[in-house]
Amino acid sequence: MKAPRFHYVRPESLDATLGLLAEYGEDARILAGGQSLMPTLNMRLSQPKVLIDINRIEALKGIAVHDGMVRIGALARHVEVMNSPIVAEALPLIAEAMPHVAHVAVRNRGTFGGSIALADPSAEMPACILALGASVVVDGVRGRRTIAADDFFIGLYETAREPDELLVEVLLPPQKPGHVSVFMELSRRHGDFAIAGIACHARVAGGVINDARLAYFGSEAKPVLGTRTMAILNGKAWPTASNEVVNAALDEDLDPIGNTFGSPATKLHLQKVLTRRVLDAAVQRARAP
Ligand SMILES: Cc1cc2nc3c(=O)[nH]c(=O)nc-3n(C[C@H](O)[C@H](O)[C@H](O)COP(=O)(O)OP(=O)(O)OC[C@H]3O[C@@H](n4cnc5c(N)ncnc54)[C@H](O)[C@@H]3O)c2cc1C
């Protein structure tokens, strides 16, 4: 099918973009990498009146360290994030996860901001920024807001961003000494969206896990933190924390949605298996010289 008719605008500045968003609101869609938007237009799942192409806005580009935080601009392409020395050094969780995002052609155009704004429940980057306790910065004519990742993902493709707001950047705390990151997902083929997955960030010393943040994706309507599981793991040596206790906590934390890739029970089982693998890997990585 072909996309429905739409107007196309390519503003040269952030202010002009925010003005257009204020004018058109729900009738407008931001065009970033177009890797998700264009297929939905072609399938007529979305029929916006106006496409606002943000690709010329310099203020949305780049990856840098500023005030002790890593700033990833909304327009940073997946491939830039994947090859960034800053990300490799300060955000090993993102560096490990990014090769799982789609394939080379999609990563060459798709953007970090587009992935976070879209909030696909099986996408890797939303889970990573949740695990890392990052913040999402949105801007609009009514002002700029910084939203904790914990509060950003609301439901299926639903976020705290209002229709007249643009996602401008994500601010991520660099990994501190003594912390480890582990990313794992199960998908039918490498590069496919995940059937189940976990992004994990924790402080680990002598096999004891503290301050773990486990973000589950692929199984729920949105990425979710395993809050009860995180609480029972805190201060415990792994793997001495019993499997039954961890499994019971996951039964409370997760409420998977079935789809063509698995029933709710299958997805819950896969997340439990992945949890054990992720925690084993976290302890091993902390021990590695
Ligand atoms: C074959 C294929 C496989 C894929 N596999 C994966 C995968 O395994 N994992 C994964 O995570 N993704 C996958 N993707 C999606 C890909 O990562 C997209 O690049 C990403 O989801 C959206 O980024 P984009 O820049 O292309 O956004 P676009 O397609 O341009 O936009 C997506 C949505 O976000 C909105 N948007 C974009 N940027 C902003 C902004 N700055 N502010 C506000 N709203 C904005 C748009 O209006 C639109 O609604 C796949 C895509 C394809 C085509």
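Return a yes/no flag: does segment 201-214 have any residue that is on the phi < 0 side of the Ramachandran plot, assigned to a strand (DSSP E or B) and within 16 Å of the ligand (Cβ to nearest atom). No, because not a single residue in segment 201-214 is on the phi < 0 side of the Ramachandran plot, assigned to a strand (DSSP E or B) and within 16 Å of the ligand (Cβ to nearest atom). Within segment 116-154, the residues that satisfy the criterion of being within 14 Å of the ligand (Cβ to nearest atom), free of Cβ contacts under 8 Å to residues at least 60 places away in the same chain and within 10 Å of the chain's Cα centre (by Cα) are I116, M125, I129. Just one of the listed residues (A119, A59, A32, A28) is touching a Phe, Trp or Tyr at 6+ places or on another chain (Cβ under 6 Å) and either among the aromatic types (F, W, Y) or under 24 Å from A160 (Cα atoms) (or both), and it is A119. Summed over segment 62-84, residues that are within 11 Å of the ligand (Cβ to nearest atom) and not β-branched (V, I, T) total 6. Listed here are the helices (runs of 4 or more DSSP H) enclosed by segment 79-131 that have at least 2 residues being of a type outside the set (K, R) and surrounded by 24 or more Cβ atoms within 10 Å (Cβ to Cβ): 92-97, 112-118, 124-131.
For segment 28-60, a residue qualifies if it is buried (at least 19 other Cβ atoms within 10 Å of the Cβ) and more than 9 Å from the ligand (Cβ to nearest atom), and the qualifying residues are L41, I57. For segment 63-75, what are the residues that are part of a loop (DSSP other than H, G, I, E, B) and buried (at least 23 other Cβ atoms within 10 Å of the Cβ)? Scanning segment 63-75 gives A74, L75.
You will find that of R5, R10, R56, the residue that is at pLDDT below 95 and more than 30 Å from A196 (Cβ to Cβ) is R5 and no other.
Within segment 38-59, can you find the residues that are part of a helix (DSSP H, G or I), free of Cβ contacts under 8 Å to residues at least 40 places away in the same chain and more than 15 Å from R5 (Cβ to Cβ)? Once the filter is applied, which keeps residues that are part of a helix (DSSP H, G or I), free of Cβ contacts under 8 Å to residues at least 40 places away in the same chain and more than 15 Å from R5 (Cβ to Cβ), segment 38-59 yields P39, T40, E58.
The values are calculated or read from the model by the stated rules, or taken from the named source; none is laboratory data. This is a predicted model, so every value here is computed, not measured. Please note: Cβ atoms are built from the backbone with ideal geometry, for glycine as well, and neighbour counts cover all protein chains shown.
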